[in-house]
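> Below you'll find the structure I mean.
The values are calculated or read from the model by the stated rules, or taken from the named source; none is laboratory data. Because the structure is predicted, anything quoted here is derived from the model rather than measured. Glycine also receives a Cβ, built like all others from the backbone with ideal geometry; neighbour counts cover every protein chain displayed.
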Amino acid sequence: MEDVVEVDEPTENNCHENPMECSDVEEDSEKINAPDGVRICLVGATASDESIKEAAKGFNVPVECSEDGAEWLDSPEHSLVFVLEEFSGPVFDSLKERGHRILGPTALKELAQQKGPLPENPRPTYCLCMKGVVACFTGFREKKEMNHLIFLVHNMGGSVRKEVGSKMTHLIANCVGGEKYRYASLLRLPIMSVDWVHNSWAMRTQIGFNALNSLAENRLKPFHGARVCFAGFAEDERKHMAEILVENGGTPTDIEDPACSHVVVDESTTSSAPTQAPSKAYIVKAEWFWASVQNEACVDEKEHIFQETVGRLTPRVSIGSTPGSTRMTSRKRKRLASRLLSAGGAGLLASGGAVGTPVSPSLEAQLKRRSSVSDSTLLSCSGSFLDATPHSELDEETETECAETPKKNLSARHQVFLELLQTESNYVGILNTIMTLFKAALEDMMDGEDQLLNATELRIIFGNLPPIYQVHCQMLETLKHASQNWTEEVSIGKIFLKFAPDFEKAYPPFVNFFENTREELLRCDSAKPRFHAFLKARQTRPECGRQSLQELLIRPVQRLPSISLLLKDILKHTNKNNTDYSALENALSAIGEVMTHINEDKRKTEGQMVMFDIFNEIVSCPAHLVSSHRSFVARCDVVELSDSLSGRGDHLVLFVFSDVIEICKKRSKVFNSIKSPNTPVASKPNNHSNGKPYKHVKLMSLATIRKVIDVRESEDCRKVFALMCRSTQDLKEKLYSFSVVDEDLDKMSFLKTLCRHTANNAYRADAETFLFSVDDASLLDIETSDVGLGTLSKAFKFASRTRMKVGRALSFNKTPSKLKRAMSTMMSPFGSTTNLTPASQLAQMRLASCTNINTL
């Protein structure tokens, strides 16, 4: 969209200067000295407003009052300052024609508050809400409309320029596009709609209002007035883009609409420009749409014009490929298919996605076995050929060199090495894309209004990736050198042995916190529309191969297993007499140790992170539970069978850590809901803990456990075990017995895990000696009857606790005497629960529900 004819602004001698520019003045008795002979004339309704009169007196000049100012019309131009409530009508026009200075009541009061001088500029000023604004207009077709807007800007203390320049602060536009629009967008100047002027003028009577505070809600939306059609997109994506279009001022339409201004095309599914599009409509790529949303301004369509694809579509998974490399890539795929056929590699061809040729039943019968090369490629690519295609010009040179070499002259070992080199080259290309296309671009936006992510968010998403990128860049150079100087005696294993320690340092931080990275990325994507648009725009770039940032970030997690499979294949094609054979075996072992270390480190990290969550869910949990040397191991939900901890029949949770067991009790919502009538909830200091599901009971060290006793299963004894512990204070042994209530938990696995960590704390290797088994729970004096553990027991305990709480609530004396306690017990509806049978307790519960006291 080009600029329409502009209209010159009024030609005052100093129309481009700020009329409210203050000069140095001297104060006398907190009043401003004015030039000799200057008067303030209050016209019309302003003459009867006491607040306006008070503000006028603050300038230390004579103040006159007049109904229409007619008697002062012929006075010298700069001798009077007229104050009018309305900037329209015959009085205003006559004063303005004679060049008199005119102020509004708001401007007079604001100048008085600021202790500023009376303006020397003859331009009428109603208020100062646009003081400092230097505006330029674009896109207006009617001269009358733009002159009115210029008049309003001037009346609010702003200035107007005809052409853009370094002093321009705001662009007021009526449409998107044009040179002025591009200039303001490039310099990130606010591009405002007409509503900004009108809304600010509506607030002209409010003292202290600043139009700069309302920029966000009055910006010109990036698709203002545009009618956009989306072609070639999936239905879900099309609806998503249409919603964002409406939010940003545009209107979705069909391609047959003659008023359609833009056709946004999905390059991955469209090879030629739609013929139904109107001749004047821009046919642009999807990146134009997302870049406009990100920049909050319509970007230049000429930079994103859709180019028709010659021949067939470029494969969606090809990254960084150029038209010149299409034939080379096709030849490579044919050779790869031939080699896989001869090697019996059915995996790639059977999928049909690599070569794009249907597989006949006879061919499927021949291709029954998938080679390790194809396995590694699929694992590295995660379902695509992203790692098997050139990613940069340098990679294409390497690929061309490998492809043009006759395969029949290469040994099987050399061929697999070239496959390893190619996947490594493309993996480094993917990391380079993440580092440059995403990370570096976001870091460049850190300053100013362009910022999409703050420093913390950037560190969480990308902070652990640079070490991996650096070590693989170094290894890629070493592999290329080996390829250029290839002999069968080249030691591939030594190369990986050299970089294995670097892998062990670089990968654990990324893998351990990958879930945090993914969650932070998803959170920022959903919470920040501009960041979402940035990701979408980058995803359309050929370097990304239509892959999202989340999909690209998972590649480091997949790379080491891929390397392991490729090394195994190289080892299979290496003669045992070759000096590299033992080096390859050591390299495979080293890579395996790195992956084991990563897994173990990830397990420890996850255990420590779970420890914080557990601590935050337990009321009165000991602070020293959180420790750097401690990690979470397992959890077990149990019912206590003994009376040594919380009480028989209570539901407990055992959180097993590497050196301690945190025993806590599940908090009942029913019990917590019973509050004393005379004690407000808000007055309790620990009221914030009401939302925590557990209450601390005991923190038991694993060093105190002497025996872990398993009670074998029977009809009356299900999932029962006991812990024999020795107290560190009196050295007496105590037996804690439990029944597992978690049906999904394997009791024996849990007990063996507990024994293993108990042995580790005792510095013993014979963990099995801690585990004992008994056939009968009665040998340990453990009662497992259903009555003790059933609902009836819970009801008795609930009734007893409720009686105690009600008794305390109705008592006038918090520490009653023995006589009063006795009387309270006699009068209590529940009575005493001491030494009563279950039947008598139930009877008392029924009595408690009676409303007639005589029946008691």
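> Can you find even one residue in segment 610-617 that is touching a residue at least 12 places away in the same chain (Cβ under 8 Å), more than 21 Å from Leu476 (Cα to Cα), surrounded by fewer than 19 Cβ atoms within 10 Å (Cβ to Cβ) and in contact with a Phe, Trp or Tyr (Cβ under 9 Å, 6 or more places away or on another chain)? Walk me through it before giving the result.
Here is the first cut: in segment 610-617, the ones touching a residue at least 12 places away in the same chain (Cβ under 8 Å) are 610-612, 614, 616-617.
With more than 21 Å from Leu476 (Cα to Cα) added as a condition, the list becomes 610-612, 614, 616-617.
Among the residues that remain, those that are also surrounded by fewer than 19 Cβ atoms within 10 Å (Cβ to Cβ) are: 610, 612, 616-617.
Okay, now just the ones that are also in contact with a Phe, Trp or Tyr (Cβ under 9 Å, 6 or more places away or on another chain), so 610, 617.
So far as segment 610-617 goes, yes, one or more of its residues are touching a residue at least 12 places away in the same chain (Cβ under 8 Å), more than 21 Å from Leu476 (Cα to Cα), surrounded by fewer than 19 Cβ atoms within 10 Å (Cβ to Cβ) and in contact with a Phe, Trp or Tyr (Cβ under 9 Å, 6 or more places away or on another chain).
> Sticking with this structure for a sec: Looking only at segment 501-538, how many residues end up being touching a Gly at 6+ places or on another chain (Cβ under 9 Å) and free of Cβ contacts under 8 Å to residues at least 24 places away in the same chain?
Final tally of qualifying residues: 0.
> If I filter segment 414-441 down to residues being in contact (Cβ under 8 Å) with a residue 12 or more places away in the chain and β-branched (Val, Ile, Thr), which single residue comes out as farthest from Cys473 (Cα to Cα)?
Val416
> Out of curiosity, is Tyr763 over 16 Å from Val656 (Cα atoms) and not aliphatic (A, V, I, L, M)?
Spelling it out, Tyr763 is indeed over 16 Å from Val656 (Cα atoms) and not aliphatic (A, V, I, L, M).
Conditions (1) hydroxyl-bearing (Ser, Thr, Tyr); (2) surrounded by fewer than 21 Cβ atoms within 10 Å (Cβ to Cβ); (3) part of a loop (DSSP other than H, G, I, E, B), marked per residue:
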site	(1), (2), (3)
Val61	no, no, yes
Asp74	no, yes, yes
Asp93	no, yes, no
Gly99	no, yes, yes
Pro117	no, yes, yes
Leu128	no, no, yes
His148	no, yes, no
Leu152	no, yes, no
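> Something else about it: Go through segment 456-494 and give me each residue that's among the aliphatic types (A, V, I, L, M) and over 21 Å from Asn512 (Cβ atoms).
Met475, Leu476, Leu479, Ala482, Val490, Ile492
> While we're on this one: Take the residues of segment 199-233 that are closer than 20 Å to Phe140 by Cα and of a type in the set (S, T, N, Q): which is surrounded by the fewest Cβ atoms within 10 Å (Cβ to Cβ)?
Step by step, filter segment 199-233, then rank; the result is Asn199.
> Look at segment 611-633 and say how many of its residues are of a type in the set (Gly, Ala, Ser) and either over 30 Å from the mean Cα position of the chain (by Cα) or assigned to a helix (DSSP H, G or I) (or both).
The total comes to 2.
> While we're here: Within segment 272-283, can one find any residue that is at positive phi, surrounded by 17 or more Cβ atoms within 10 Å (Cβ to Cβ) and in a loop (DSSP other than H, G, I, E, B)?
No: zero hits.
> Across segment 546-562, what is the total count of residues that are touching a residue at least 24 places away in the same chain (Cβ under 8 Å) and over 30 Å from Ala587 (Cβ atoms)?
Counting residues in segment 546-562 that are touching a residue at least 24 places away in the same chain (Cβ under 8 Å) and over 30 Å from Ala587 (Cβ atoms) gives 3.
> Output the number of the condition that Asp580 fails; it satisfies all remaining conditions of (1) at pLDDT 90 or above; (2) over 30 Å from Leu652 (Cβ atoms).
Every condition holds for Asp580 apart from (1).
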